[in-house]
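Taking it in order: structure first as C-alpha cells, then the write-up.
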Amino acid sequence: MAFVYYLLKSEKGKVYELETQIAELQVKEKRSAVLQSISRQMEQIAYQQKSISDEQREEALRQKREADEAKELAESQRHEADLQRQEADKQRQEAEVQRQEAERQRQGAEVQRRQAVNSKRIADTLSYIALGRSLASVSSMQLQAGNKELANLLAYASYVFTKRYMKDEDNLYHPSVIQALMDASQSKRGWSVHNGSLTGIDIKYGNDNYILTVSSYGEIFQHDKQGNQLYTKRLFSDKNYDFRNVYIDESERVYALSRSGHLVVIIDGKSTIYKLSDVVNPTMSVSLDENTLAILGENGAAFFDRNAHVQTGFKGFNFKVVSICRNNSDAMIFDDKGYVHIMQGKKELVDLKLHSGIKSGNVTAFAASRDSRLTAYGMNDGRIFLVDRTGVKKELVGHRSRISRLKFNDARLYSSSYDGTMNLWMCNAEKIEPMQLFRTDGWIMYFTTDSSQKRVWTGDQKGNLTEALISLPEMVKIIKSKLKRNLTHDEWNYYIGKDVPYETFLTEGKEVRQ
C-alpha cells in the first residue's frame with residue numbers, strides 16, 4: 001500500500017513537473033510568438049528605415065550632384081570673374097598710365113602757362129616801369145615850361161604806374177621818378193640865416209619844428225618852423241668864435257663848440273662861455289652819458305660835466321688825428337696809420353683796422369647801419385666806399401668834391417658834398433646809382449634828418465638853411481592835394497597811350513578804370 005502510495009505520489013509529482021514544464025513551454029511559446037511579432041515589426045521598421053535611408057541617400061546624392069554642379073558653376077564664374085578682374089586691372093593700369101601722361105601733359109601745360117603769365121607780367125612790369133619813368137621825365141619838362149597843372153598830373157601818374165608794378169617801396173626811388181615828385185611837390189624850402197658857413201644843426205627831441213644852427217661866424221640861432229615860415233631867434237653872436245658843432249639836451253640846454261677851444265652853454269636864454277684846457281682845435285662833441293660831454297680835438301678828448309658845468313678831465317691820443325666824423329651818437333676818430341678809433345658811451349676808445357684799400361687820411365665822413373650791417377666811408381675826392389657784412393666793398397661814384405656827411409636809414413644812404421649836392425643811395429639795389437635830392441650853390445657843410453625821417457635839414461657854406469622832404473608818400477600826398485582835374489582822354493592817349501586803360505585820379509576811394 002505504501003508502495004502504491006509512493007508510486008502514486010511519484011506519478012503526481014511527474015505530472016506536476018510535466019504540467020510545470022508545459023506551462024513554462026507555453027509561456028516561452030507565447031513569449032516566442034511575441035518576440036517573433038516584435039521581430040517582424042522590427043524587420044518592417046528596419047525595411048521602412050532602410051527605404052527612408054535609401055531615399056535620403058538618393059536625396060543626398062542628388063543634392064551632392066547639385067552642389068557639385070553649383071560648385072562647378074561657381075568655379076566657372078570665379079574663373080570668369082578672375083579673367084574679368086585681370087582685364088579690369090589691365091584696363092586700370094592702362095588708364096593710370098594714360099592719367100599719368102595726361103597729368104604730365106597738364107603739368108607741362110601749367111608750366112608753360114606760368115611761364116607765359118610770368119613773361120607777360122615781366123613784360124608788363126618793364127613796360128609800366130618804363131612808362132612811369134618816362135612820365136616823370138615829361139613831368140619835369142612840363143614844370144620847367146611853366147605847365148604846373150599838367151606837370152602835377154604826370155608826376156602823380158608816374159608814381160601810380162611805377163608803384164603798381166613794384167614789390168617794394170624802395171624800388172620807387174629812381175632818379176627820374178624821385179626828381180619829378182620832389183619838383184612837383186615843391187617840398188624844398190631854403191632860408192638865408194647865417195653870415196658865415198652853417199656848420200652844425202640839431203633838432204630838439206620831440207619837436208621837429210625846433211631847430212638849432214651854428215656858424216663859423218660865431219652865431220647860435222634858434223628857429224621855429226610854423227607851416228612854411230621859419231622864425232629865427234639869435235641866441236648868441238660873436239665873430240671871434242668858430243662854431244663847428246651844436247647839441248641840445250632833453251632839458252633844452254644848448255652846447256655849442258668852437259674850434260677856438262671854447263664851449264658856449266645856453267640855459268634859459270643866458271649864455272656862459274667855458275674855456276676848455278688841453279684840447280687842441282676841437283671840432284666834435286658827443287654825449288657819452290646823461291652827465292658827460294666828450295669834446296674831441298686833434299690831440300685828445302676833453303670831458304665836460306653837464307650838471308656841474310666844469311671840465312672833469314682830458315684824455316690824450318697816442319696817434320695823429322687826421323679826421324673826426326660823427327656816426328649817430330658815436331665819434332669816429334681816424335688816424336694816419338689806417339685805424340679808426342671809436343668813442344661810444346665811455347671814455348675808452350675801441351680801435352678797429354680799416355678795410356683794405358681805404359686810406360684813413362682820405363676819410364672825411366663815416367656812417368654805419370646797425371640794421372643792414374653796412375658801413376660807408378666818404379672820401380675827400382667825392383668817392384664813397386660801401387662795405388657789407390661779408391667785407392665786400394663797392395665804390396659809389398656820384399659826387400665831385402669832398403664828402404661832408406653820411407647818414408644811414410636802414411639800407412638807404414644819404415650823402416652830402418662840397419659840390420653842393422645831396423644824394424640818396426639805395427644800397428640794397430643790384431645797381432646802386434645816385435639820386436640827387438637837391439642842389440645848392442654852396443658847399444653843403446652839414447645835414448641831419450628829423451625824428452620822423454621824412455625831412456632833411458642842410459646847412460651850406462653861404463649860411464643857408466634848407467629843408468627838403470625826402471618821404472615819397474608825403475610828396476605824393478602833397479601832389480595829390482594839388483590835383484584839380486583828371487587827364488583828358490586826349491592827354492591820356494598822347495602821354496600814356498591808347499593801349500593803357502583810362503583812369504581817373506580824383507575819384508574817391510580806389511582809382512577807377514574806364
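The values are calculated or read from the model by the stated rules, or taken from the named source; none is laboratory data. Computed from a prediction, not measured in an experiment: that's the story for all the values here. Methodologically, a virtual Cβ is constructed for each residue, glycine included, from the backbone with ideal geometry; neighbour enumeration extends over all protein chains shown. Please note that ligands, DNA and RNA were not included when accessible areas were found on the heavy atoms of the full protein model with its side chains. Shrake-Rupley method; radii C 1.70, N 1.55, O 1.52, S 1.80 Å.
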Which one is nearest to Asn380 (Cα to Cα) among residues in region 419-431 that are under 21 Å from the mean Cα position of the chain (by Cα) and crowded, with 19+ Cβ neighbours inside 10 Å?
-> Trp425
Please tell me if Val177 is modelled with pLDDT under 90 and touching a Gly at 6+ places or on another chain (Cβ under 7 Å).
-> yes
Go through (1) open to solvent by 30 Å² or more (accessible area, probe 1.4 Å); (2) of a type in the set (Val, Ile, Thr); (3) within 18 Å of Ser416 (Cα to Cα) and name the single condition Thr364 misses.
-> (1)
Residue by residue through region 376-399, note down the ones that are part of a loop (DSSP other than H, G, I, E, B), open to solvent by less than 40 Å² (accessible area, probe 1.4 Å) and at pLDDT 90 or above.
-> Gly382, Gly398, His399
Here the qualifying pairs (Cβ atoms under 7 Å; residues six or more apart or on different chains; first in region 254-272 and among the small types (Gly, Ala, Ser); second not in a strand (DSSP E or B)) come out as Ser258/Tyr241; Ser258/Asp242; Ser260/Tyr241; Ser260/Asp242; Gly261/Leu276; Gly261/Val279; Gly261/Pro282
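Does Gln344 satisfy being over 22 Å from Ser285 (Cβ atoms) and either open to solvent by 40 Å² or more (accessible area, probe 1.4 Å) or of a type outside the set (D, E, K, R) (or both)?
For Gln344, the condition - over 22 Å from Ser285 (Cβ atoms) and either open to solvent by 40 Å² or more (accessible area, probe 1.4 Å) or of a type outside the set (D, E, K, R) (or both) - is not met.
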For Asp268, work out the one condition from (1) acidic (Asp, Glu); (2) farther than 18 Å from Ile342 by Cβ; (3) in contact with a strand residue (DSSP E or B) (Cβ under 7 Å, 6 or more places away or on another chain) it doesn't fulfil.
-> (3)
Answer yes if at least one residue in region 195-212 is free of Cβ contacts under 8 Å to residues at least 40 places away in the same chain and not hydroxyl-bearing (Ser, Thr, Tyr), and no otherwise.
-> yes
Ile324 farther than 30 Å from Pro175 by Cα, buried (at least 20 other Cβ atoms within 10 Å of the Cβ) and in contact with a His (Cβ under 8 Å, 6 or more places away or on another chain) = no
Determine the pairs where a residue that is in contact (Cβ under 8 Å) with a residue 60 or more places away in the chain, located within region 430-451, has a partner that is open to solvent by 70 Å² or more (accessible area, probe 1.4 Å) and of a type in the set (A, V, I, L, M) with Cβ atoms under 9 Å apart, the partner being 6 or more residues away or on another chain.
-> Pro434/Val397
Which one is surrounded by the most Cβ atoms within 10 Å (Cβ to Cβ) among residues in region 307-321 that are small (Gly, Ala, Ser) and in contact with a strand residue (DSSP E or B) (Cβ under 9 Å, 6 or more places away or on another chain)?
-> Gly313
So Ser372, is it in contact (Cβ under 8 Å) with a residue 24 or more places away in the chain, closer than 22 Å to Phe447 by Cα, of a type in the set (Gly, Ala, Ser) and in contact with a Phe, Trp or Tyr (Cβ under 7 Å, 6 or more places away or on another chain) | no
Could you grab me the full set of residues in region 474-484 that are touching a residue at least 60 places away in the same chain (Cβ under 8 Å) and either outside any loop (DSSP other than H, G, I, E, B) or closer than 13 Å to Gln186 by Cα (or both)?
-> Glu474, Met475, Val476, Ile478, Ile479, Lys480, Lys482
State which residue is nearest to the chain's Cα centre (by Cα) when the search covers only region 242-296 and only residues that are open to solvent by less than 40 Å² (accessible area, probe 1.4 Å) and among the aromatic types (Phe, Trp, Tyr).
-> Tyr255
